[in-house]
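Asker: Quick one: the structure is below, questions incoming.
Laboratory data are not the source of any read-out in this text; all were calculated from the coordinates shown. The structure displayed is predicted, hence computed values, not measured ones. Cβ placement follows ideal geometry from the backbone for every residue including glycine, while neighbour counts extend to all protein chains displayed.
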Protein chains: 2
Amino acid sequence: MNTASKLLGISELEQTASILKSVAHPIRLSILQLLVHEGRMSVNSICEILQSEQSLTSHHLSNMKLKGVLESKREGQKVYYSLKMEKMRNLLECIESCMGQ
Amino acid sequence: MNTASKLLGISELEQTASILKSVAHPIRLSILQLLVHEGRMSVNSICEILQSEQSLTSHHLSNMKLKGVLESKREGQKVYYSLKMEKMRNLLECIESCMGQ
DNA sequence: GATGTTTATTAAAATAAGTTAATATTTGTT
DNA sequence: AACAAATATTAACTTATTTTAATAAACATC
């Protein structure tokens, strides 16, 4: 296998980089940790636990939903977010263990 | 273990997010892949393989050097870059295998 | 010391991301 | 229908990142 064949194509690179951007922000990282470890959660609970503003949190949630990382389901007044992209679970675990080193 | 204790503190979150930002860009991602798989490499070789502009490549390289992800060594006219942050090797392997799924 | 190569630096321009505040929407309750 | 609670959306603003082009610096060779 030569060098070139190991490299991803542009669109794969861009897609990967774009997904990684989801994790590369303190608020989004902690939202992801929460959802991976605790499962689905309402926007309000997320705000309370993370002590983050409603609007800002909502923006970050939509951001990740748009990228297919999260999904949401309304139940009455509340909207519950949860992980949609399953590979994010592995990725996050890797990140946690790599960063611990 | 309760929810809060699993969450990282702000400074850890910021540090992690900041390192993840290194990977969260197509050019930097491919530079990292190259260096992880091929070892040290001169700026010129990197540019050629990635078909990226010298100046832009150099900017991304300094960016990652500044964050402690890469290191560089001049040998004659050439400057060789290589991985400095060892945990980046694991992280990148995780990313590659997670993204393949 | 002039010239060519390789890399870094600077500054400007272009683009993107993050934050805030205010308001809108949806649903539930009285 | 009026009101409250939960969330989303919009628009303005701020800040950061990315890209480009031009130039400088470091080294090698002649």
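Asker: Of B:Glu48, B:Glu12, B:Glu38, which is the most mobile in a GNM of chain B whose springs link Cα atoms less than 10 angstrom apart?
Answerer: Result for chain B, Cα springs under 10 Å: B:Glu12 fluctuates most.
Asker: Continuing with this model, one more query. If you rotate chain A onto chain B, whose Cβ in A ends up lying nearest the axis, and how many Å away is it?
Answerer: A:Cys94, 2
Asker: Would you calculate the separation in nanometres between label points at B:Gln101 and A:His37, each defined as 7 Å from the Cα along the Cα-to-beta-carbon direction?
Answerer: In this crude spin-label approximation the distance works out to 1.9 nm.
Asker: Put a point 7 Å out from Cα along the line to Cβ at A:Glu38; what are the distances to that point in the other copies, in nm, shortest first?
Answerer: Ordered by distance, the counterparts are at 4.5 nm.
Asker: In chain A, what cysteines have no partner Cβ closer than 4.7 Å?
Answerer: A:Cys47, A:Cys98
Asker: Would you work out which of B:Leu56, B:Gly39, B:Met85 lies farthest towards the positive end of the dipole of chain B, given +1 charges on the beta-carbon of Lys and Arg and -1 on that of Asp and Glu, about the Cα centre?
Answerer: Positive-most Cα among the choices belongs to B:Met85.
Asker: Follow-up question, since we're still on this one. Going by a ≥ b ≥ c, the root eigenvalues of the Cα gyration tensor, does the stretch A:52-91 fall in the rounded group (a/c under 1.5), the prolate group (a/b larger than b/c) or the oblate group?
Answerer: Numbers: a/c = 2.32, a/b = 1.41, b/c = 1.64.
It comes out oblate by the Cα gyration axes.
Asker: Another one. Could you identify which residue out of B:Leu66, B:Leu13, B:Leu50 has the top mean-square fluctuation in a GNM of chain B using Cα springs shorter than 10 Å?
Answerer: Per the Cα network of chain B with a 10 Å cutoff, B:Leu13 tops the list.
Asker: Which one, A:Gly76, A:Ala24, A:Gln101, is farthest towards the positive end of the dipole of chain A when Lys and Arg carry +1 and Asp and Glu -1 on their Cβ?
Answerer: Final value for the positive-end residue is A:Gly76.
Asker: Under DSSP H, which helices of chain B have Cα atoms covering 15 Å or more of the helix axis and a Kyte-Doolittle average no less than -0.5?
Answerer: B:10-23, B:26-38, B:87-100
Asker: Distances from A:Glu96 to the same residue in each other copy, label points 7 Å out along Cα→Cβ, in nm, shortest first?
Answerer: Relative to the other copies, A:Glu96 has label-point distances of 2.5 nm.
Asker: Using 7 Å Cα-to-Cβ label points, what is the B:Ser72/A:Ser58 separation (nm, one decimal)?
Answerer: Computed distance between label sites B:Ser72 and A:Ser58 equals 4.5 nm.
Asker: Between B:Gln15 and B:Lys84, 0.36 nm times their residue separation minus their Cα-Cα distance comes to what?
Answerer: Numbers: separation 69, 0.36 × 69 = 24.84 nm, distance 1.63 nm.
The span from B:Gln15 to B:Lys84 would gain 23.2 nm if fully extended.
Asker: While we're here: How big, in percent, is the set of alpha carbon pairs in the stretch B:12-100 lying more than 21 Å apart? The partial results should precede the final answer.
Answerer: On the way: 973 of 3916 pairs.
Taking all Cα-Cα pairs of the stretch B:12-100, the fraction more than 21 Å apart is 25 percent.
Asker: Using the crude model of +1 on Lys and Arg Cβ and -1 on Asp and Glu Cβ, and no other charge, please compute the dipole size for chain B relative to its Cα centre, in debye to 20. Intermediate values should be presented prior to the final figure.
Answerer: Working: 12 positive and 10 negative charges, 49 e Å.
About 240 debye.
Asker: Using unit Cβ charges (K, R positive; D, E negative) and no other charged atoms, how large, in debye to the nearest 20, is the dipole of the protein assembly as shown about its Cα centre?
Answerer: 100
Asker: List, largest first, the extents of the alpha carbons of the protein assembly as shown along their principal axes, each in whole Å.
Answerer: Answer, in whole Å and largest first: 66, 31, 27 Å.
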